[in-house]
């Protein structure tokens with residue numbers, strides 16, 4: 001393993017940061033606690049994206065799996081894989097998300113979600129066509145949530 005940022009001792013963190021880290025018991029949350037001035041804003045944003053979104057869990061997980069695949073983020077892939085199976089994403093769908101480039105053999109909606117993930121991850125922007133499609137399908141709020149969800 002390469003060089004890593006040291007993780008703080010949870011017990012040494014101020015109460016609000018310790019509580020937030022315990023809510024998200026993941027290494028990236030604990031690592032972010034090294035920057036207390038930024039941590040709470042990041043924790044609030046993470047919570048909003050993951051738990052307060054109008055986008056259902058299945059759609060959120062499809063985009064997360066695709067971003068994890070495209071960025072070769074094994075940690076992110078593993079975290080989302082377990083939950084994806086719990087919400088009914090099949091092994092066949094997971095394999096297509098992982099192997100197709102672009103994803104074209106899922107349903108229209110799933111293909112679009114993967115396309116959005118691909119474009120944002122690879123090009124740091126959406127094409128006008130993809131943006132029009134998610135706005136038409138989901139409306140402004142949910143389209144925005146999908147975009148925020150897809151930013152790696």
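Laboratory data are not the source of any read-out in this text; all were calculated from the coordinates shown. Here the structure is a predicted model, which is why all the values come from computation and not from measurement. Glycine also receives a Cβ, built like all others from the backbone with ideal geometry; neighbour counts cover every protein chain displayed.
Between helix 57-70 and the chain there is an angle of about 90 degrees, using the helix long axis and the longest principal axis of the Cα atoms. Would you mind checking the tilt of helix 108-123 against the longest principal axis of the Cα atoms of the chain, expressed as 0 to 90 degrees and rounded to 10? Helix 108-123 sits roughly 60 degrees off the main axis of the chain. Look at where the Cα atoms of the range 27-48 and of the range 63-140 average out, and the two centres are 25 Å apart. Extending 7 Å from Cα along the Cβ direction at residue 95 and again at residue 26 yields two label points whose distance is 2.7 nm. In a fully extended conformation the segment linking residue 137 and residue 37 would gain 32.2 nm over its present Cα-Cα distance, using 0.36 nm per residue. Annotation: extensible slack from residue 87 through residue 52 equals 10.9 nm (criterion: 0.36 nm per residue apart, minus Cα-Cα distance). One chain, two ends: residue 108 and residue 148. Fully extended at 0.36 nm per residue, the span grows by 12.3 nm beyond their Cα-Cα distance. Taking the Cα atoms only, what angle lies between the long axis of helix 128-150 and the longest principal axis of the chain, rounded to 10 degrees? Helix 128-150 sits at roughly 20 degrees to that axis. Here the translational diffusion coefficient of the chain follows from Stokes-Einstein with Rh set to the Kirkwood radius across Cα pairs; for 4 °C and 1.567 mPa s it amounts to 78 µm²/s.
Which shape class, rounded, prolate or oblate, goes with the range 68-117 when its Cα gyration tensor gives a ≥ b ≥ c as root eigenvalues, a/c under 1.5 marks rounded, and past that a/b bigger than b/c marks prolate? Oblate, because a/c is 1.5 or more while a/b does not exceed b/c.
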